Amino acid sequence: MDLKTITYLVVGATFVLYIGIAIWARAGSTKEFYVAGGGVNPIANGMATAADWMSAASFISMAGLIAFMGYGGSVFLMGWTGGYVLLALLLAPYLRKFGKFTVPEVVGERFYSKTARIVAVVGRIIASVTYVIGQMKGVG
């Protein structure tokens, strides 16, 4: 077999594997989709959250802060990390209390307002787009 045939076989097998996993691991409910049915170990969940934080945007901003401000700039990074943890600790109980999975759902339920929910969605979209721009800059 030549290299081109092997490449097609590997790529095809990868696609078949992805499709098989997608069919086999379908979420039966919203809870299964967002929180894996509540069956994720807290340690594994914490590691997943840490992996999310350790993104290209985080490493680029850390390098930029240290290059621009010296090691004193790492104070901003520690503040951001602390804020991330504090947000998780303060937000998670309300998500559970309301039985919701996203901040816009909680805002809409708490204030009995579709307008408040829409404002929360727009804010989340703006934050997400800003974050993705940093990620894409990190990719190159």
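Where a number appears in this text, it was derived from the coordinates with a stated rule and is not lab data. Quick caveat, the model's predicted, so the values are computed rather than measured. Don't worry about glycine lacking a Cβ; one is built from the backbone with ideal geometry, like all the others, and counts go over all protein chains shown.
One residue alone among LEU86, LEU90, LEU3 is out of contact with any helix residue (DSSP H, G or I) (no Cβ under 9 Å at 6 or more places or on another chain) and over 30 Å from VAL121 (Cβ atoms), and that residue is LEU3.
On the given criteria, is SER74 in contact with a Leu (Cβ under 8 Å, 6 or more places away or on another chain), over 21 Å from ILE133 (Cα atoms), in contact (Cβ under 8 Å) with a residue 12 or more places away in the chain and in a helix (DSSP H, G or I)? It is true that SER74 is in contact with a Leu (Cβ under 8 Å, 6 or more places away or on another chain), over 21 Å from ILE133 (Cα atoms), in contact (Cβ under 8 Å) with a residue 12 or more places away in the chain and in a helix (DSSP H, G or I). More than 25 Å from GLY38 (Cα to Cα), without any contact (Cβ under 8 Å) to a residue 40 or more places away in the chain and not aromatic (Phe, Trp, Tyr): is that true of LYS114 in this structure? So LYS114 fits the description; yes.
Report yes if SER61 is of a type in the set (Ser, Thr, Tyr), under 27 Å from ALA22 (Cβ atoms) and part of a helix (DSSP H, G or I), otherwise no. Spelling it out, it is not the case that SER61 is of a type in the set (Ser, Thr, Tyr), under 27 Å from ALA22 (Cβ atoms) and part of a helix (DSSP H, G or I). Restricting the stretch 22-54 to residues that are farther than 14 Å from VAL85 by Cβ, in a helix (DSSP H, G or I) and β-branched (Val, Ile, Thr) leaves a set whose member that is nearest to the chain's Cα centre (by Cα) is VAL35.
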